[in-house]
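The structure appears below as structure tokens.
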Amino acid sequence: MIWLELIVVLFFIFLGSKLGGIGIGYAGGAGVVVLTLIFGLEAGSVPIDVILIIMAVIAAIAAMQKAGGLDYLVHLSEAILRKNPKRVTFLAPTVTYLMTLLAGTGHTAYAALPVIVEVSKEGNVRPSKPLSISVVASQIAITASPISAAVVIFASFLEPLGVSYLQLLGVAIPSTILACVVGAFISNRLGKPLSEDPVYQQRLKAGLVKKKGQEEHKDSESAKWSVGIFLIAIAIIVTYATLISKKVGLIENPPIARNQAIMALMLLAAVVIALVCKIKLGDVSNMSTFKSGMSACICVLGVAWLGDTFVSNHIDEIKEAAGGLLNQYSWLLAIVLFFASMLLYSQAATTTALMPAALALGVSPIAAIASFAAVSALFVLPTYPTLLAAVEMDDTGTTKIGKYVFNHSFIIPGTVTIASSVVFGFLFGSILL
């Protein structure tokens, strides 16, 4: 019966991936109905904390976007990229990585993609090089962001095992940064220079390629204030998490737990942005970040609930079948997470659905943390929104999806980056844990 139930789970995940976007959340909920009402399984846990953290963070980011904060960050990024367009393949992923690291969501990369394309063309750099690694960097940075739902929920799984939130970040941040450098190096060696690319030359002759040049921007004071308020909120969150951690122990009986503190401080940041920047709160729900964030909540709700329903009802069988193998070859967890995330389309959903089972099987915290970056393999199937946006925005035709589905511009830089992060994770984990 377990195999039939697993087929049901995989079917609804596949159905969700076919529907696209919010459809994977819908399909996940439908799968829970089938497993519980038809197969008689007990419903698993709903990832309430994950969903609430995403909602709170997105609420603050959307307020910042309404105040012009995201545009301000993009303009700063543009200035950095234009200073050395020949190095755009290395500078662009740095920009998208930092934006995701600070915002806790990879959807902030949308705003930077058109800038990356324009700077690449000005520097005679094949746009596929910086675009591919920049999209990957925006995804893998989720596993290093202090306020991302994936990091926060994973930290809650690790704390009973004696690994703190700060130790997790201490391994994840340097591992993913170095991995992005490796990925950028590989990406920079792929494909011909832009001036020698036949597709680009054809599109240039046909008038399909346009060079916009740098535009004058004047950012408002409210845009700058919104970014400052948001960054202060992040700094307070990290400081508070440090003070209440068992490793530091300066606050032994905290009045509010870390997860709840993140939610409260993000909502507080949104209030302060609204008051200081005088934004119209009725427009916040129309922001692109708000819409994408709320869609992410539905996706996490459905697919993580589906995964937990299956795993929690068969944990003993899973331990018996896979426990010994994962204990002996702990790096296999990274492969499992890699293929799971390419279907689940969410770092938080993949973490919530599989990490508890992996830790229950006896996988060491070091191996779990090292493998954590593999939940970011959202680029494998060429259907993720930021990936598609990069393809659409590259009017040179160098960033593309091949006819064999997997032979697209992102697969090599992405796979190399994740593999490198896992290796670096084991290295830093052995030092810090």
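The values are calculated or read from the model by the stated rules, or taken from the named source; none is laboratory data. On a predicted model such as this, the values are computed, not experimentally measured, just so you know. All Cβ positions, glycine included, derive from the backbone under ideal geometry; neighbour counts span all protein chains shown. Keep in mind that these areas ignore ligands, DNA and RNA; they rest on the heavy atoms of the full protein, side chains included. Shrake-Rupley method; radii C 1.70, N 1.55, O 1.52, S 1.80 Å.
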Q) Scanning the range 68-96 for residues that are open to solvent by less than 10 Å² (accessible area, probe 1.4 Å) and modelled with pLDDT of 90 or more, which turns out farthest from ILE173 (Cα to Cα)? A) GLY69
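For every residue, the table says whether it meets (1) of a type in the set (A, V, I, L, M, F, W, C); (2) open to solvent by 50 Å² or more (accessible area, probe 1.4 Å); (3) assigned to a helix (DSSP H, G or I).
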position: GLN167; (1), (2), (3): no, no, yes
position: GLY183; (1), (2), (3): no, no, yes
position: ASP219; (1), (2), (3): no, no, no
position: ILE234; (1), (2), (3): yes, no, yes
Q) So, of the residues in the range 394-419 that are open to solvent by 20 Å² or more (accessible area, probe 1.4 Å) and assigned to a helix (DSSP H, G or I), which turns out to be farthest from SER120 (Cα to Cα)? A) ALA419
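For (1) farther than 23 Å from GLN65 by Cα; (2) of a type in the set (S, T, N, Q); (3) under 10 Å from the mean Cα position of the chain (by Cα), each residue gets a yes or a no:
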| residue | (1), (2), (3) |
| --- | --- |
| LEU98 | no, no, no |
| GLY106 | no, no, yes |
| LEU113 | no, no, no |
| GLY123 | yes, no, no |
| LEU131 | no, no, no |
| ALA137 | no, no, yes |
| ILE142 | no, no, yes |
| ALA150 | no, no, yes |
| PHE154 | yes, no, no |
Q: Kindly check whether there is at least one residue in the range 366-378 that is closer than 22 Å to TYR26 by Cα and part of a loop (DSSP other than H, G, I, E, B).
A: yes
Q. Taking the condition within 14 Å of SER187 (Cα to Cα) and open to solvent by less than 60 Å² (accessible area, probe 1.4 Å), does GLY429 pass?
A. no
Q | Cβ-Cβ under 9 Å pairs, at least 6 apart or on other chains, the range 323-345 side free of Cβ contacts under 8 Å to residues at least 12 places away in the same chain, far side part of a helix (DSSP H, G or I) and open to solvent by less than 50 Å² (accessible area, probe 1.4 Å) | A | LEU325/LEU332; LEU332/ALA322; LEU332/LEU326; LEU332/SER371
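Every residue, every condition in (1) among the small types (Gly, Ala, Ser); (2) over 25 Å from LEU168 (Cα atoms); (3) in contact (Cβ under 8 Å) with a residue 40 or more places away in the chain, yes or no:
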| position | (1), (2), (3) |
| --- | --- |
| SER245 | yes, no, yes |
| ILE256 | no, no, no |
| ALA274 | yes, yes, yes |
| ASN286 | no, yes, no |
| THR289 | no, yes, yes |
| ALA296 | yes, no, yes |
| VAL300 | no, no, yes |
Q. Can ILE262 be described as within 17 Å of ALA63 (Cβ to Cβ), within 23 Å of the chain's Cα centre (by Cα), at pLDDT 85 or above and surrounded by fewer than 21 Cβ atoms within 10 Å (Cβ to Cβ)?
A. no
**Q.** ALA27 surrounded by 21 or more Cβ atoms within 10 Å (Cβ to Cβ), of a type in the set (Gly, Ala, Ser) and within 29 Å of ASP219 (Cα to Cα)
**A.** no
Q) Restricted to the range 185-217, and to residues that are crowded, with 16+ Cβ neighbours inside 10 Å and part of a helix (DSSP H, G or I), which residue is modelled with the lowest pLDDT? A) LEU204
Q: Can you tell me which residue among ILE147, ILE173, ILE140, ILE116 is surrounded by fewer than 22 Cβ atoms within 10 Å (Cβ to Cβ), in contact (Cβ under 8 Å) with a residue 24 or more places away in the chain and out of contact with any His (no Cβ under 9 Å at 6 or more places or on another chain)?
A: ILE173
**Q.** Spans of helices (runs of 4 or more DSSP H) in the range 266-350 with at least 2 residues in contact with a helix residue (DSSP H, G or I) (Cβ under 9 Å, 6 or more places away or on another chain), of a type in the set (Gly, Ala, Ser) and open to solvent by 20 Å² or more (accessible area, probe 1.4 Å)
**A.** 288-313
Q. So is PHE424 outside any helix (DSSP H, G or I) and of a type outside the set (D, E, K, R) or not?
A. no
Q) Quick one: PRO160 ticks every box in (1) part of a helix (DSSP H, G or I); (2) touching a helix residue (DSSP H, G or I) at 6+ places or on another chain (Cβ under 8 Å) bar one, so which box is it? A) (2)
